[in-house]
Amino acid sequence: MIRPVAMTIAGSDSGGGAGLQADLKTFTSLGVFGTVIVTGLTAQNTFSVTNVLEVPAKFIEAQFDAVMVDLKPKYAKTGMLASSKVINAVMNKIIQYNISLVLDPVMIAKSGAPLVTEDTADALKKLIKHSLIITPNKFEAEKLSGIKITDKKTLIEATRKLYEMFNVNVVVKGGSHLDGFDFAIVDGKELELKGEPINTKNTHGSGDVFSASLTAYLAKGEKLEDALIKAKEYVTLSIKYSLDLGQGHGPVDPFAPVDRILQREFAREELERLLWEFEKDPSLILQMIEDNTKINVAFLTDYKDVATLAGGIIKYLNKIKLDGPILINIENDVSTKVRKINKRVCVSIALTKKVLDASEKGLLKISESGLDSDIVMLDGGVYLVGDSVDEILQKLRRINES
């Protein structure tokens with residue numbers, strides 16, 4: 001098997017949330033093999049950086065030579081480049097090996113605090129001219145363009161000025177200051193990248209994940225414009241489902257977009273298993289269905305996605321009939337209720353004599369709150385709930401044996 005290869009040229013974050021660690025997690029999640037040029041080491045966590053160790057320029061060059069002679073990535077991205085010596089070493093190797101560079105000009109933190117000295121900033125400006133695209137945040141764009149960014153209009157003005165100044169593709173990230181609005185210019189074409197307001201303090205590594213996902217999509221053969229759109233979607237999900245870890249600003253989760261897909265497929269497979277049990281043994285569910293009525297099933301993921309039958313389940317003589325395929329996030333009664341109840345699996349049922357008998361015998365607990373209960377009565381509906389398909393099957397057997 002062969003995977004696309006990409007390169008990160010970045011510092012190490014011992015806290016694991018940013019730097020080359022975030023880059024490699026992003027590459028892997030997107031199916032890209034990541035190579036690494038380590039430019040520095042940091043001792044940091046979610047609330048502070050306590051020490052920084054710069055890697056000598058000669059060793060940075062040696063890493064480039066070792067990777068390029070063997071693995072030959074065509075696309076690379078930068079992270080922390082702590083000095084002009086480091087930047088010059090990187091620039092020489094980018095030119096030598098004709099690498100298409102996604103330059104994240106790490107100059108100013110999200111708080112607005114400067115991260116590099118003036119001579120380093122000047123060296124970065126030289127590297128910009130050898131890049132495929134630059135991805136400055138709001139503060140970095142202000143520093144490079146001289147334009148104060150206060151709204152979408154001034155962000156667009158700054159983007160246009162950077163494009164003219166450096167003659168290079170550019171995307172300026174508005175971040176939380178502008179509700180996730182970014183603006184890009186690619187080969188003269190202007191592109192709005194709209195995000196969404198996300199109420200979280202856990203944004204550590206978001207810039208790295210954006211530039212790393214952009215690089216990964218390029219390595220996979222996407223055109224720059226399409227790669228930008230996909231990278232924006234990817235980082236938005238990574239922020240939306242960020243991790244509340246540590247005592248400071250927690251990391252975004254570059255695995256979340258992939259995990260969300262995996263959980264959707266798991267939900268679909270688990271409902272298929274439940275429905276197969278119903279079809280093998282209709283008696284499991286028949287006595288919970290009234291004539292001329294329809295019930296349904298739902299499975300809720302950690303991302304609040306819901307798998308459910310498009311139509312539902314009806315009684316057909318002494319058997320059941322399934323109506324429609326299993327779909328994700330269609331709106332129906334059971335998909336709405338499973339989110340409200342916040343249990344993993346939900347089956348809408350009728351409050352039949354069999355169900356009431358099981359409750360009177362203490363085999364099942366019925367409540368309106370959903371707390372520590374097996375059956376929830378909500379908005380006129382009755383719902384058998386559980387944390388797994390196996391638990392639902394156990395409860396159905398308990399009802400039928402009552």
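The values are calculated or read from the model by the stated rules, or taken from the named source; none is laboratory data. None of these values were measured; they are calculated from a predicted model. So basically every Cβ, Gly included, is an ideal-geometry build from the backbone, and we count neighbours across all protein chains shown. Please note that ligands, DNA and RNA were not included when accessible areas were found on the heavy atoms of the full protein model with its side chains. Shrake-Rupley method; radii C 1.70, N 1.55, O 1.52, S 1.80 Å.
Can you tell me which condition S131 does not meet? The list is (1) farther than 17 Å from A184 by Cβ; (2) at pLDDT 95 or above, and all the others hold.
Every listed condition holds for S131 apart from (1).
Please list, ordered by residue number, the helices (runs of 4 or more DSSP H) wholly in region 329-402 having 3 or more residues that are free of Cβ contacts under 8 Å to residues at least 24 places away in the same chain.
Answer list for region 329-402: 353-360.
Would region 53-62 turn up any residue that is without any contact (Cβ under 8 Å) to a residue 24 or more places away in the chain and either in contact with a helix residue (DSSP H, G or I) (Cβ under 7 Å, 6 or more places away or on another chain) or of a type in the set (S, T, N, Q) (or both)?
no
Look at T46 and say whether it is in contact (Cβ under 8 Å) with a residue 40 or more places away in the chain, under 30 Å from Q247 (Cβ atoms), crowded, with 22+ Cβ neighbours inside 10 Å and not hydrophobic (A, V, I, L, M, F, W, C).
Against the criterion (in contact (Cβ under 8 Å) with a residue 40 or more places away in the chain, under 30 Å from Q247 (Cβ atoms), crowded, with 22+ Cβ neighbours inside 10 Å and not hydrophobic (A, V, I, L, M, F, W, C)), T46 does not qualify.
For the structure I just gave you, tell me whether E157 is in a strand (DSSP E or B), of a type in the set (D, E, K, R) and either without any contact (Cβ under 8 Å) to a residue 40 or more places away in the chain or loosely packed, with under 12 Cβ neighbours inside 10 Å (or both).
no
How many residues does region 373-402 contain that are farther than 23 Å from D333 by Cβ and either open to solvent by 60 Å² or more (accessible area, probe 1.4 Å) or of a type in the set (A, V, I, L, M, F, W, C) (or both)?
Within region 373-402, residues that are farther than 23 Å from D333 by Cβ and either open to solvent by 60 Å² or more (accessible area, probe 1.4 Å) or of a type in the set (A, V, I, L, M, F, W, C) (or both) number 5.
Against the condition aliphatic (A, V, I, L, M), closer than 28 Å to D259 by Cα and not in a strand (DSSP E or B), how does L81 come out, does it pass?
Considered against the rule, which asks whether it is aliphatic (A, V, I, L, M), closer than 28 Å to D259 by Cα and not in a strand (DSSP E or B), L81 comes out as no.
Return yes or no: is G246 in a loop (DSSP other than H, G, I, E, B) and in contact (Cβ under 8 Å) with a residue 24 or more places away in the chain?
When the stated conditions are applied, G246 passes them.
Does I239 satisfy being touching a helix residue (DSSP H, G or I) at 6+ places or on another chain (Cβ under 8 Å) and under 30 Å from G175 (Cβ atoms)?
yes
Let me confirm something: among K230, K194, which residue is among the basic types (K, R), surrounded by fewer than 23 Cβ atoms within 10 Å (Cβ to Cβ) and modelled with pLDDT under 95?
None of the others qualify; the one that does is K194.
Taking only region 1-19 into account, find how many residues are part of a loop (DSSP other than H, G, I, E, B) and among the hydroxyl-bearing types (S, T, Y).
1
How about region 186-215: which of its residues are part of a loop (DSSP other than H, G, I, E, B), among the acidic types (D, E) and within 14 Å of the chain's Cα centre (by Cα)?
Correct list: E196 only.
With the requirement that a residue be farther than 25 Å from K85 by Cβ and open to solvent by less than 40 Å² (accessible area, probe 1.4 Å), what does region 5-43 give you?
V5, G16, G17, T26, F27, S29, L30, G31, V32
Pick from region 342-364 the residues that are open to solvent by 80 Å² or more (accessible area, probe 1.4 Å) and at pLDDT below 90: which of them is farthest from E290 (Cα to Cα)?
The residue in question is K361.
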